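A.B. asks: Dropping a structure here in structure tokens format, bear with me for questions.
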Amino acid sequence: MNEQYFDIARTELQEGAKDAGHPFHFFTLATTGINQVPRLRTVVLRKVSKDLTLTIFTDKRSRKVTHIKEHNKVCVLFYHPEKLLQLKIDGVAYMESDQKKLQKIWDSMDAPKKKDYLTAKEPGTKISHLEQIEYLDTSQHFSVMHIEPYKIEYLKLKRPNHIRVQYSLTDGNKWESSFLVP
Ligand SMILES: Cc1cc2nc3c(=O)[nH]c(=O)nc-3n(C[C@H](O)[C@H](O)[C@H](O)COP(=O)(O)O)c2cc1C
């Protein structure tokens with residue numbers, strides 16, 4: 001396997017999780033919605049584990065959670081505008097089920113952050129005024145989604161030749177690489 005670009009991808013992802021100013025701190029998560037319609041949204045990269053599992057926080061009533069229960073394959077996109085680097089990752093998404101872990105994360109969050117998961121009505125509900133949002137005092141809607149990658153495509157625009165490498169996870173849980181025509 002070509003380690004060079006894999007290592008760069010991993011380092012950039014880890015920086016993205018740690019540093020709110022890093023372009024990989026935010027990424028686009030695509031799910032498959034009702035009637036197989038693609039749905040995209042921006043999310044915050046909270047954690048990258050050693051095996052490159054990506055973690056986000058979300059409201060368990062949100063559409064993305066409903067989508068992955070029906071169809072757990074997702075695609076995510078990261079873009080670094082200064083380095084002209086794009087990472088496209090295919091993965092399997094699942095929700096964290098360990099209540100102790102969820103409680104620990106919840107307890108570590110400050111009040112403004114918690115507010116994102118406290119709306120009385122579920123996210124996406126129509127309201128007539130912006131002031132019409134009510135908040136609850138409960139952690140019950142807070143949830144954590146993990147995305148376990150099985151394919152990573154690295155693309156760096158560069159002269160004279162762009163670099164495009166695809167990494168695929170084999171049945172033996174090893175990453176294999178191929179260079180692709182950019
Ligand atoms: C900068 C930015 C960061 C966001 N981060 C998150 C996030 O980490 N988790 C999340 O659930 N939604 C986040 N959102 C909101 C989502 O983009 C989306 O609107 C919301 O989660 C509802 O998506 P859904 O109905 O498709 O599930 C963020 C939006 C913006 C603009």
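A.B. asks: Quote the relative contact order of the stretch 3-179 in percent (integer), defining contacts as alpha-carbon pairs under 8 Å separated by 6+ residues. Spell out each step's value before the answer.
C.D. replies: Values: 313 pairs, mean separation 37.1, N = 177.
Reported as a whole number, the value is 21 percent.
A.B. asks: Over the stretch 3-179, what percent of the accessible surface lies on carbon and sulfur atoms, probe 1.4 Å?
C.D. replies: Details: 5460 of 10980 Å².
Within the stretch 3-179, the accessible surface is 50 percent carbon and sulfur.
A.B. asks: Related question: What is the spread of the Cα atoms of the stretch 1-81 along each of their three principal axes, largest first, in whole Å?
C.D. replies: Here the spans come out as 40, 30, 24 Å, largest first.
A.B. asks: When only the heavy atoms of the protein chains count and the probe is 1.4 Å, how do 106, 175 rank by accessible area, highest first?
C.D. replies: These residues rank, largest area first, as 175, 106.
A.B. asks: May I pose another question? So who's got an amide H within less than 5 Å of the one on residue 45, skipping anything under 5 residues away but keeping other chains? H placed 1.01 Å off N, in plane.
C.D. replies: Residues meeting the criterion, in which the H sits 1.01 Å from N, are 26, 27.
A.B. asks: For the stretch 3-179, give the magnitude of the charge dipole about the Cα centre (Cβ charges: +1 Lys/Arg, -1 Asp/Glu; no others), in debye to the nearest 20.
C.D. replies: Using Cβ point charges on Lys, Arg, Asp and Glu, the stretch 3-179 gives about 280 debye.
A.B. asks: Apply the Karplus curve 6.51 cos²θ - 1.76 cosθ + 1.60, θ = phi - 60°, to the phi angles in the stretch 88-94 and return the couplings in whole Hz, x for Gly and Pro.
C.D. replies: 10, 10, 9, x, 10, 9, 8
A.B. asks: Now a separate question. So what's the chain giving for Rg/Rh, alpha carbon basis, Kirkwood Rh from the mean inverse pair distance?
C.D. replies: 1.01
A.B. asks: Here's another thing I want to ask about it. Quick check: Cα centre of the stretch 100-127 to Cα centre of the stretch 1-31, how many Å?
C.D. replies: For the stretch 100-127 versus the stretch 1-31, the Cα centre distance is 25 Å.
A.B. asks: Next question. Students sometimes get this wrong: rank 109, 1, 95 by accessible area, probe 1.4 Å, all chains present, largest first.
C.D. replies: These residues rank, largest area first, as 1, 95, 109.
The values are calculated or read from the model by the stated rules, or taken from the named source; none is laboratory data. As the structure is a prediction and not an experimental result, all values here were calculated from the model. Positions of Cβ are generated from backbone atoms using ideal geometry, with glycine treated the same way; all protein chains shown enter the neighbour counts. All accessible areas refer to the heavy atoms of the entire protein, side chains included, with ligands and DNA or RNA removed. Shrake-Rupley method; radii C 1.70, N 1.55, O 1.52, S 1.80 Å.
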